[in-house]
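Since the structure comes first, as structure tokens, the remarks are kept for the end.
The values are calculated or read from the model by the stated rules, or taken from the named source; none is laboratory data. Quick caveat: nothing in here was measured; it's all calculated off a predicted structure. So basically every Cβ, Gly included, is an ideal-geometry build from the backbone, and we count neighbours across all protein chains shown.
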Amino acid sequence: MEEIIINGRKFTAREPAGYEVDKFIVEFLDDNLQPIKEKIPEANVALIKMVFGLSEEEIKELPNSIYRKLTEMAGKYIAGISEDEQKK
């Protein structure tokens, strides 16, 4: 787990279950593993929920600056997990 602090608020990233990641990929990425443009807002919410465990209501109440930072951090966290698994 990894903790980050944004504007004085602590968020803890957790490694999602394989099923969660697979479901996310099927729902929000195309065959080339690129985001489906029409689904980017929903994908961002799903990514934050999956990595930081926040509810959809909590995410909707986040200020834009925190929302954007969490989206960025969640993407990097998932990418880092994938890289680590590929190295094994």
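Table: residues versus (1) surrounded by fewer than 13 Cβ atoms within 10 Å (Cβ to Cβ); (2) at pLDDT 90 or above.
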{"position": "M1", "(1), (2)": "yes, no"}
{"position": "I5", "(1), (2)": "yes, yes"}
{"position": "R9", "(1), (2)": "yes, yes"}
{"position": "T12", "(1), (2)": "yes, yes"}
{"position": "V26", "(1), (2)": "yes, yes"}
{"position": "E38", "(1), (2)": "yes, yes"}
{"position": "A43", "(1), (2)": "no, yes"}
{"position": "L47", "(1), (2)": "no, yes"}
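Scanning the range 61-84 for residues that are closer than 24 Å to D22 by Cα and either without any contact (Cβ under 8 Å) to a residue 24 or more places away in the chain or of a type in the set (S, T, Y) (or both) yields Y67, R68, T71, E72, K76, Y77, A79, G80, S82, E83, D84. Filtering the range 56-74 to residues that are more than 18 Å from E27 (Cβ to Cβ) and not charged (D, E, K, R) leaves L62, P63, N64, S65, I66, Y67, L70, M73.
Restricting I40, I5, I36, I25 to those that are without any contact (Cβ under 8 Å) to a residue 24 or more places away in the chain, farther than 24 Å from L62 by Cα and of a type in the set (V, I, T) reduces the list to I25. Screening the range 55-88 for residues that are among the hydroxyl-bearing types (S, T, Y) and part of a helix (DSSP H, G or I) and picking the one that is modelled with the lowest pLDDT gives S82. Being in contact with a helix residue (DSSP H, G or I) (Cβ under 8 Å, 6 or more places away or on another chain) and not in a helix (DSSP H, G or I) is a property that L47 lacks. Residues in the range 8-22 that are in contact (Cβ under 8 Å) with a residue 40 or more places away in the chain and in a loop (DSSP other than H, G, I, E, B) were compared, and the one that is nearest to G80 (Cα to Cα) is E15. Counting the residues of the range 1-35 that are aliphatic (A, V, I, L, M), over 14 Å from V51 (Cβ atoms) and touching a strand residue (DSSP E or B) at 6+ places or on another chain (Cβ under 8 Å) gives 2.
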